[in-house]
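The values are calculated or read from the model by the stated rules, or taken from the named source; none is laboratory data. For clarity, every value in this text was computed on a predicted model and none was experimentally measured. In this analysis, Cβ positions are derived from the backbone assuming ideal geometry, glycine residues included, and neighbour counts consider all displayed protein chains.
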Ligand code: ATP
């Protein structure tokens, strides 16, 4: 799959603060890539670096397999700051101004207004817009010229639940048209609902990256039961990935050191002469995993 962005060992320091620390990332075409981390973990610094708004002290990055250039910049749309438009002008006119600045033609304005659900309000003044609509106009402006990549910094910050839902749907609909999306967020829930891939940052360092579905699929414990509960307890301790067990009156909760598949576990017991009457996988949520990662990085 085509690589859209490669970030190679980027570090950025502000005086004593190491905002980004030896960060490497790879974003492929069509991914919705979440950069997830608590406040101050270096998300905005990372996005500002790859958008060339600031310069890293170390490391480099390539867009579309090449050094950043005027051409590559034209293929990237971004919303990094809170939406800022002329308050007394309509979205249609505001977008014409943006199109002039970015050297795009006006032909795309209706498309982005329709896509962001603002077409009906295209002639209202910007100052009459709700915060959610303002945010969607910022996305519309970033989408002018149909960029290959859209970069969003905390896209749902400050929005009410309805505004959050609108932005989520909008991001997913943009992604479904093949646009690669890179977004920074401190909200697990947001990343879980929108992103296909995630990199977890803390204190400027990447703690983990991978598919969101894989993170969600991490399972390290199983509830097990058998009519021969004593036999079950004995045999489970023989499993190569066995870590610990919490027994209760009619079942056991078993923790494993490594990932174990339910089918494999079922077969393991069967071959040892134990018939399971109950087998249930307990999946760790992204939140648990995230908190554990942050804990380990203390
Ligand atoms: P938030 O979610 O709060 O926006 P973030 O993950 O985006 O946080 P950054 O804004 O990248 O984090 O900040 C990373 C660290 O760098 C923080 O400790 C921040 O205070 C510091 N920092 C960021 N910009 C500057 C600056 N211009 N001057 C000094 N320190 C800065």
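Can you name the helices (runs of 4 or more DSSP H) wholly within segment 228-298 that have at least 2 residues being modelled with pLDDT of 80 or more and not assigned by TED's automatic domain parsing to the domain that holds residue 36?
229-236, 262-271
Condition check ((1) within 15 Å of the ligand (Cβ to nearest atom); (2) in contact with a helix residue (DSSP H, G or I) (Cβ under 6 Å, 6 or more places away or on another chain); (3) assigned by TED's automatic domain parsing to the domain that holds residue 187; (4) closer than 28 Å to residue 177 by Cα) across all residues:
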{"position": "21", "(1), (2), (3), (4)": "yes, no, yes, no"}
{"position": "38", "(1), (2), (3), (4)": "yes, no, yes, no"}
{"position": "54", "(1), (2), (3), (4)": "yes, yes, yes, no"}
{"position": "70", "(1), (2), (3), (4)": "no, no, yes, yes"}
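Checking the structure you have, find out if any residue of segment 254-265 is more than 30 Å from residue 28 (Cα to Cα) and out of contact with any strand residue (DSSP E or B) (no Cβ under 8 Å at 6 or more places or on another chain).
Residues of segment 254-265 that are more than 30 Å from residue 28 (Cα to Cα), as a first pass: 254-257, 262-265.
Checking the rest, the ones that are also out of contact with any strand residue (DSSP E or B) (no Cβ under 8 Å at 6 or more places or on another chain) come to 263-264.
Yes, that holds for at least one residue.
So, of the residues in segment 237-249 that are in contact (Cβ under 8 Å) with a residue 12 or more places away in the chain and out of contact with any helix residue (DSSP H, G or I) (no Cβ under 7 Å at 6 or more places or on another chain), which turns out to be farthest from residue 222 (Cα to Cα)? If you could, list the steps in order and put the result at the bottom.
Going residue by residue through segment 237-249, those that are in contact (Cβ under 8 Å) with a residue 12 or more places away in the chain are 238-239, 241-243, 245, 247.
Restricting the remaining residues to those that are out of contact with any helix residue (DSSP H, G or I) (no Cβ under 7 Å at 6 or more places or on another chain) gives 238, 241, 243.
Numbers: 238: 15, 241: 12, 243: 12 Å.
Looking at the filtered set, the residue picked out is 238.
Determine whether residue 44 is closer than 14 Å to residue 6 by Cβ, within 11 Å of the ligand (Cβ to nearest atom) and assigned by TED's automatic domain parsing to the domain that holds residue 102.
Details: closer than 14 Å to residue 6 by Cβ: no; within 11 Å of the ligand (Cβ to nearest atom): yes; assigned by TED's automatic domain parsing to the domain that holds residue 102: yes.
Criteria not met by residue 44.
Could you tell me which numbered condition residue 81 fails, if it satisfies all but one of (1) away from the ligand (no atom under 16 Å from the Cβ); (2) closer than 18 Å to residue 140 by Cα?
Unmet condition: (1).
List pairs: first in segment 24-41 and within 16 Å of residue 193 (Cα to Cα) and without any contact (Cβ under 8 Å) to a residue 40 or more places away in the chain, second part of a strand (DSSP E or B) and within 16 Å of the ligand (Cβ to nearest atom), Cβ under 7 Å, 6+ apart or cross-chain?
none
Checking the structure you have, find out if any residue of segment 83-90 is at pLDDT below 95 and over 19 Å from residue 135 (Cα atoms).
Checked against the condition, which is being at pLDDT below 95 and over 19 Å from residue 135 (Cα atoms), segment 83-90 yields no hits at all.
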